[in-house]
Amino acid sequence: MTDKEREELLKELLGKQERGELKAAERYEIPPQEMPEQDAVERRGNVKEVATGYTEAQARLEAMRCLQCKTAPCVKGCPVQIRIGDFVAAIAEGDHKKALEIIKENSLLPAVCGRVCPQEVQCQEYCTVGKKFKDVQKAVSIGRLERFAADLAQKQEGVPYVAPSTGKKVAIIGSGPGGIVAAGDVRRAGHDVTIFEAFHKPGGVMVYGIPEFRLPKSIVQQEIDILVKMGVKIECNFLVGKTRTIEQLMSEDGFEAVYIGVGAGLPRFMNIEGESLVGVYSANEYLTRANLMKAYDFGKGADTPIALSKKVAVIGGGNVAMDSARMAVRLGAEKVYLIYRRSEKEMPARIEEVHHAKEEGIEFHILQSPKRIIGDKDFKVTAIECLKYELGEPDDSGRRRPIAIESSEFEIEVDTVIMAIGNVANPLMKQTTPGLEFNKWGNIVVDESCKTSMEGVYAGGDIVLGAATVILAMGQGRIAAASINEYLRQKKSSKSGGQK
Amino acid sequence: MIARARKPGQFVIVSISNEYGERIPLTIAGADTEAGTIRLIWQRVGKTTAELADLKEGDKIASIVGPLGRPTHIEKFGLVVCVGGGIGNAPLLPIVRALKDTGNKIISIIGARNKELLVLEEEFKATSDELIVTTDDGSYGRKGLVTEPLKEVCGRQRPPEQAFVIGPAIMMKFCCEVTKEFGVPTQVSLNTIMVDGTGMCGGCRIEYDGQAKFVCVDGPEFDGHKVNFDLMMKRLEAYKDQERKAHEQYQEHRCKIGLDE
């Protein structure tokens, strides 16, 4: 479909809609709008964003596909209950400002969520249009529309209203998606907010983990800039637990409430032979070097090196595995193998990311898993020995359990191995915060208001949920912020400064 | 804040630029809690250490985070031998001081490649009951490696109850072989490649007693008899070629600036 055809179709549809003649059957016939993308060959050589975003005509046509169901099944699939039908209708009308205002009632980071939310298992999974075609890929592209509205308005963004100062200090630990949302909401209530970040740059997983080609760092920076304009203080290079403990922040530094959003923190390894060889990375390390430390510019300004890999094996089937594999391609690897022990159907990664990875030439080795990593006399990786798997009965996660096939060992020649099999909770908070209750996996125990076992201390995101998504962390940040605001409102007797 | 919170054995991560700088771990050599300052000592080995060394008084570095890692376990052991090699003397000093304050008798052995590279001799003299100095080239003190006097000390009538060894990986490896032979428990402080220093990346992992351990959160100090030093040394060299190139580029760049002036 050319741009001109789109313009004409849009005009015709708008006319019909105005006259009240546009029927559901006609909406079904509007072709789903494909996301414009950088060419697959070209993008192997750069870190620029892959999906380049809808044009106005594309966005409005896509929005016209929405049936405006009275029951709004899509909202049920949204972790933060955005009024989806209303914002989509606003885009169809061409009122993009209104669309963004509706989104922002519930989501503070639409430019981020529009890009990285797994919509196919959230809002879009429930979309009537997708159901009609029995294909979730044909649902209304709610995420792309969210991104469209957010990107368009980004430049003229104003600063949200901040209530008069209450003089009460709140500490937000971690500047990831949960921390940013919590900081914004607590600051809006007039409290004095400080975010503590261990890295030298704020943004958490959005800057060290999710690559530039999927989420440009300038977008995250814009969100941070808004917080700063609102008066939120950001202290980088501050590791709570080590630089100061939560106890010290509350009893000596005058913070009356704390939100812990520190993320998961420790990479999981397989505990197989050869995992400490030179050339074996956790996905965390590989992506942090590449993203936050900009190793792709090593020798051109950046000081952090990364392996100059030719043949890379990435272990895992989630978004982080896809990100690592796609980053390896961009860093010059000739062969990248993605090794996953179940079948493609069980992969937790987004369909879109799997599709992009394949387009970029990544070879999928499904139903395989490493048994050991082989090195040479210099302890450098030379190969990975794998076992073949088959699927058995469903396990606790509802997915069919992978079972190793005996004597099916084979080797793949590689120089780099990246383990992308998840994270476990960082024990730092547990070691340094005696009053805090943790479960057996080391995650912080909270109630439905995100309140922990310590008074005035709230928590959310991966350190509570185990492994989650940006949107779930945001959702918890929002709940915790509401709880903190309510807690401080009720805590009338306290004085500013925290003196007892 | 780092000055107030730090304990012997802990380290910080510093970076020269927030945009492009690399993050390197340096162990804290001392602190002045009143002035709020910490003391770091490093040797020019690569680009970042060279850049740090080229800073002038009053210059600022982009970031410093800490104190990281677990503090040294200090108790009254009795007779303790403390061995420092090269720049390893810097992190060793606060440990020696803490051991002394706890009532231990201290024999210090400090070594360097040559006289120029020997640091903190005066401080060690002031805190140790006995001090042995060695240089590889014999330009100062005894000629030879620290392992020689260590062997003698361990073989004395009253062998030390505990050893602390900090220095280059190869030196720690050989010192541990000596103390193992004599059955003297030995703590080492490891300085591996790190990115975040909080446990998140796992780049600093070592093989310890057959298991993977993270130096940043499980260490930096370990029982030296259980560390796989050979593997650790290879991991330290993972980026050797790239590091050398970056250092050369920096040197060249610096020379050019010198010419312009």
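Observations, loosely collected:
Matching residues to (1) touching a residue at least 40 places away in the same chain (Cβ under 8 Å); (2) of a type in the set (A, V, I, L, M, F, W, C); (3) in contact with a Ser or Thr (Cβ under 7 Å, 6 or more places away or on another chain):
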| position | (1), (2), (3) |
| --- | --- |
| B:Ile38 | no, yes, no |
| B:Thr48 | no, no, no |
| B:Asp54 | yes, no, no |
| B:Ile64 | yes, yes, no |
| B:Gly69 | yes, no, no |
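- Here the helices (runs of 4 or more DSSP H) wholly within segment A:1-97 that include at least 2 residues being surrounded by fewer than 19 Cβ atoms within 10 Å (Cβ to Cβ) are A:3-18, A:24-29, A:40-43, A:73-76, A:84-93.
- Restricting attention to segment A:122-176, the residues being in contact (Cβ under 8 Å) with a residue 12 or more places away in the chain and part of a helix (DSSP H, G or I) number 23.
- Yes/no for A:Val162 being aliphatic (A, V, I, L, M) and open to solvent by 30 Å² or more (accessible area, probe 1.4 Å): yes
- As for segment A:150-162, it holds no residue that is in contact with a Leu (Cβ under 7 Å, 6 or more places away or on another chain), at pLDDT 95 or above and more than 23 Å from A:Gln476 (Cβ to Cβ).
- All conditions in (1) touching a Cys at 6+ places or on another chain (Cβ under 9 Å); (2) among the hydroxyl-bearing types (Ser, Thr, Tyr); (3) under 30 Å from A:Asn46 (Cβ atoms) hold for A:Ser369, with the sole exception of (3).
- Spans of strands (runs of 3 or more DSSP E) in segment A:354-439 with at least 2 residues open to solvent by 80 Å² or more (accessible area, probe 1.4 Å): A:381-394, A:400-404, A:410-413
- For segment B:176-191, a tally of residues being part of a loop (DSSP other than H, G, I, E, B), touching a helix residue (DSSP H, G or I) at 6+ places or on another chain (Cβ under 8 Å) and surrounded by fewer than 20 Cβ atoms within 10 Å (Cβ to Cβ) returns 1.
- Some residue of segment A:317-338 being open to solvent by less than 10 Å² (accessible area, probe 1.4 Å), touching a Phe, Trp or Tyr at 6+ places or on another chain (Cβ under 7 Å), over 30 Å from A:Lys491 (Cα atoms) and assigned to a loop (DSSP other than H, G, I, E, B): yes
- Boolean, B:Gln157 is of a type outside the set (Phe, Trp, Tyr), within 14 Å of chain A (Cβ to nearest Cβ) and open to solvent by 50 Å² or more (accessible area, probe 1.4 Å): no
The values are calculated or read from the model by the stated rules, or taken from the named source; none is laboratory data. All figures in this text were calculated on a predicted structure; none of them were measured in a lab. Cβ coordinates were reconstructed from backbone atoms using ideal geometry, including for glycine residues, and neighbour counts include every protein chain displayed. Heads up: the accessible areas ignore ligands, DNA and RNA and are worked out on the full protein's heavy atoms, side chains in. Shrake-Rupley method; radii C 1.70, N 1.55, O 1.52, S 1.80 Å.
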